[in-house]
């Protein structure tokens with residue numbers, strides 16, 4: 001199965017009720033790699049006690065075959081070492097930038113200020129606007145990208161090709177909020193492709209994390225002894241991937257699970273991927 005040109009989104013999730021007060025253990029946190037286009041969990045790794053996501057992500061990346069993929073991560077993981085690792089594994093990256101990388105953030109911010117003032121070569125700028133409406137919620141997004149300035153490579157971001165900005169405006173029940181987010185990428189400054197990767201990153205929340213909590217009741221699970229929480233998390237993600245990839249039936253995830261539990265024929269179809 002090729003990941004060429006496909007997004008691989010990494011993010012962490014805390015299984016909130018997996019703590020064990022008697023044993024003095026905190027709730028388990030798991031970092032997962034999710035392909036939104038394939039509806040497939042590619043791998044997961046528990047965060048070690050006393051550690052955090054930043055130490056788990058490089059280990060999870062190392063476990064994956066990423067050739068041709070486009071890896072997306074939030075700002076916590078925007079580091080030179082992570083970007084270098086992704087490129088060494090034959091993949092590209094789209095990384096969110098916040099103030100935890102001050103030199104990188106300030107350089108990008110300054111370039112966009114120059115753009116706003118008209119002091120930039122506009123022929124190199126590419127923009128893309130999307131609008132969505134769902135009931136009482138409206139969302140406006142404007143994506144702007146252009147080639148990364150040479151000074152970023154001088155700062156050690158050697159494979160960076162694009163810097164970008166997303167302006168989001170959301171109106172819910174008449175109340176409007178605004179957000180401005182920067183990002184960098186090793187991809188060429190093709191705005192529609194980058195906009196898709198930025199948008200798809202949050203599908204790990206909608207397609208994976210939300211389903212794990214609502215359909216699999218992961219957050220309320222009280223499995224908490226030894227490796228129980230981590231093992232249960234593996235099987236939940238495996239089950240979710242199997243059922244999501246079976247698209248011949250127009251059923252909800254919950255109904256598919258119930259059908260598999262009641263009828264071995266349904267279970268066999270889901271396990272073998274027989275779409276007939």
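Quick one: grab Rg to one decimal and Dmax as a whole number for region 1-114, Cα atoms only, in Å.
Values for region 1-114 (Cα only, Rg and Dmax): 16.1, 57 Å.
Among 83, 148, 22, which one shows the biggest mean-square fluctuation in a GNM of the chain, springs joining Cα atoms closer than 10 Å?
In this elastic network of the chain, the residue with the biggest mean-square fluctuation among 83, 148, 22 is 22.
Please work out the Cα convex hull volume for region 128-214 and give it in Å³ per residue.
121 Å³
May I have the convex hull volume per residue, in Å³, for the Cα set of region 237-276?
Values: hull volume 2.4 nm³, N = 40.
Here the figure is 59 Å³ per residue.
Rounded to the nearest Å, what's the spacing between the alpha carbon centres of region 115-193 and region 245-259? Just the number, please.
37 Å
Under a GNM of the chain (C-alpha, springs under 10 Å), which listed residue has the highest mean-square fluctuation: 136, 252, 127?
The residue with the greatest mean-square fluctuation here is 136.
Please state the relative contact order of region 58-213 as a whole percent: Cα pairs under 8 Å, 6+ residues apart?
RCO, region 58-213: 21 percent.
Kindly provide the helix-only [θ] at 222 nm of the chain, computed as the sum of -39,500 (n - 2.57) over DSSP H runs of four or more divided by all residues, to the nearest 500 deg cm²/dmol?
-10000 deg cm²/dmol
Would you calculate the convex hull of the Cα atoms in region 48-204 and tell me its volume per residue in Å³?
Cα convex hull per residue, to the nearest whole number: 141 Å³.
Considering only 221, 177, 103, give the residue with the highest GNM mean-square fluctuation for the chain, with springs between Cα atoms whenever their separation is below 10 Å.
Result: 177 has the largest fluctuation of those listed.
Can you list the equivalent-ellipsoid semi-axes of the chain, largest first and in whole Å, using the square root of 5 times each Cα gyration tensor eigenvalue? All intermediate terms of the calculation are to be shown ahead of the outcome.
Working: eigenvalues 253, 102, 73 Å².
One finds semi-axes of 36, 23, 19 Å for the chain.
Working from the pairwise distances between different alpha carbons, so that the mean of 1/r is found and then inverted, what is region 171-276's Kirkwood radius in Å?
Details: mean 1/r = 0.0585 Å⁻¹.
Across region 171-276, the inverse of the average 1/r is 17.1 Å.
Between region 52-100 and region 2-34, what's the alpha-carbon centroid distance in Å?
Here the two parts' Cα centres lie 16 Å apart.
Angle, helix 102-116 long axis vs. longest principal axis of the chain, Cα atoms, 0 to 90°, nearest 10?
Compared with the principal axis, the helix lies near 60 degrees.
Where does each of 186-193, 25-32 land if you order them by average Cβ count within 10 Å, highest first?
Going from most to least packed, we get 25-32, 186-193.
Each reported figure results from applying straightforward, stated rules to the coordinates on display, with no laboratory input. Quick caveat, the model's predicted, so the values are computed rather than measured. All Cβ positions, glycine included, derive from the backbone under ideal geometry; neighbour counts span all protein chains shown.
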